[in-house]
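The values are calculated or read from the model by the stated rules, or taken from the named source; none is laboratory data. Note that this is a predicted model, so its numbers are computed, not measured. Heads up, the Cβs are rebuilt from the backbone with ideal geometry, glycines too, and the neighbour counts pull from every protein chain shown.
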Amino acid sequence: MDYTHLYSTRIQKTFDEDNADILDIFRAGFANNPKLPIHLVNYYKGLPITYKAKIAGIDKSSIDLDVHPKQAVAIAAEHYTFIKSNLFKHDILARTQYINIKRKAVLLNKFCYVEILAETRKHLRLELDQPLNAVFNSPSGVIRGKITELSMGGALLESNEAYYDLIDNEANLIIMLPDFEQNTNYNVRVPARLISIQDDAKPVIYKFTILPDRITDRFMAKFMYHQQVQIVHKLQDDSELG
């Protein structure tokens with residue numbers, strides 16, 4: 001998952017000056033308290049993963065951390081992490097210079113102040129390892145494709161064709177959801193509105209808002225819960241493998 005949509009930068013001076021200031025503040029805080037508490041946050045396949053981390057050392061341009069094994073897996077997946085600390089009024093985005101899951105060690109650099117937009121979302125948005133077949137059945141046209149990201153309030157659908165005249169159309173988004181207990185699939189008709197199209201590369205990406213519906217919400221919620229369980233299991237398995 002592209003993590004750039006998860007945050008918005010909050011530049012105080014310039015990127016370089018903010019980076020230097022962040023390192024200076026961490027050095028002072030670490031010197032005053034070698035057990036300086038910090039928390040890391042990652043969105044592993046969209047699921048927020050947060051654990052405490054311990055500063056092992058700080059050099060001229062980077063910070064060496066001892067991290068939780070599950071956090072190490074999450075960081076390795078996208079090579080970034082968010083840092084939360086009482087030393088700062090803003091959260092911090094850091095890029096990964098080095099990561100070793102087995103040693104539970106990460107070296108971070110290129111720090112900047114951010115607001116984590118993902119924290120303000122009403123619904124959890126998950127990346128699907130197995131995309132779902134879906135059809136947007138609008139009277140003005142039909143879009144067929146696969147849903148790659150899904151939440152209770154929205155969906156991203158990939159297709160090979162672009163239908164610009166369907167933007168703002170409201171219709172049923174028919175999603176083929178698996179029933180893991182019955183080992184079968186069933187079609188769920190979800191009221192939705194097409195809000196944007198991204199066509200700078202193939203496949204074309206359609207962004208939908210899913211409208212509240214008490215009948216379909218329980219089917220969606222059941223599927224989303226199962227996806228979260230599967231993500232946690234994969235995170236655990238990968239952390240044990242190193």
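Go through region 100-125 and count every residue that is of a type in the set (Ser, Thr, Tyr) and within 17 Å of residue 149 (Cα to Cα).
0
In region 193-242, how many residues are in contact with a Ser or Thr (Cβ under 6 Å, 6 or more places away or on another chain) and not assigned by TED's automatic domain parsing to the domain that holds residue 152?
0
Yes/no per residue for (1) within 14 Å of residue 143 (Cα to Cα); (2) polar (S, T, N, Q); (3) without any contact (Cβ under 8 Å) to a residue 40 or more places away in the chain:
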position: 166; (1), (2), (3): yes, no, yes
position: 181; (1), (2), (3): no, no, yes
position: 185; (1), (2), (3): no, yes, yes
position: 194; (1), (2), (3): yes, no, no
position: 202; (1), (2), (3): no, no, no
position: 205; (1), (2), (3): yes, no, no
position: 210; (1), (2), (3): no, no, no
position: 215; (1), (2), (3): no, no, yes
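Kindly provide the set of residues from region 1-57 that are of a type in the set (D, E, K, R) and crowded, with 16+ Cβ neighbours inside 10 Å, ordered by number.
Within region 1-57, 18, 45 qualify.
Considering only residues that are in contact with a strand residue (DSSP E or B) (Cβ under 9 Å, 6 or more places away or on another chain) and within 16 Å of residue 221 (Cβ to Cβ), which ones fall in region 174-188?
175, 177, 178, 179, 186, 188, listed by residue number.
Which members of region 59-77 meet the condition of being closer than 14 Å to residue 34 by Cβ and surrounded by fewer than 19 Cβ atoms within 10 Å (Cβ to Cβ)?
Matches in region 59-77: 64, 66.
Of the residues in region 99-137, how many are among the small types (Gly, Ala, Ser) and either within 16 Å of the chain's Cα centre (by Cα) or not assigned by TED's automatic domain parsing to the domain that holds residue 161 (or both)?
The number of residues fulfilling the criteria is 2.
Output the residues belonging to region 113-145 that are more than 30 Å from residue 89 (Cβ to Cβ) and either buried (at least 17 other Cβ atoms within 10 Å of the Cβ) or small (Gly, Ala, Ser) (or both).
126, 127, 128, 132, 134, 135, 136, 138, 140, 141, 143, 145, listed by residue number.
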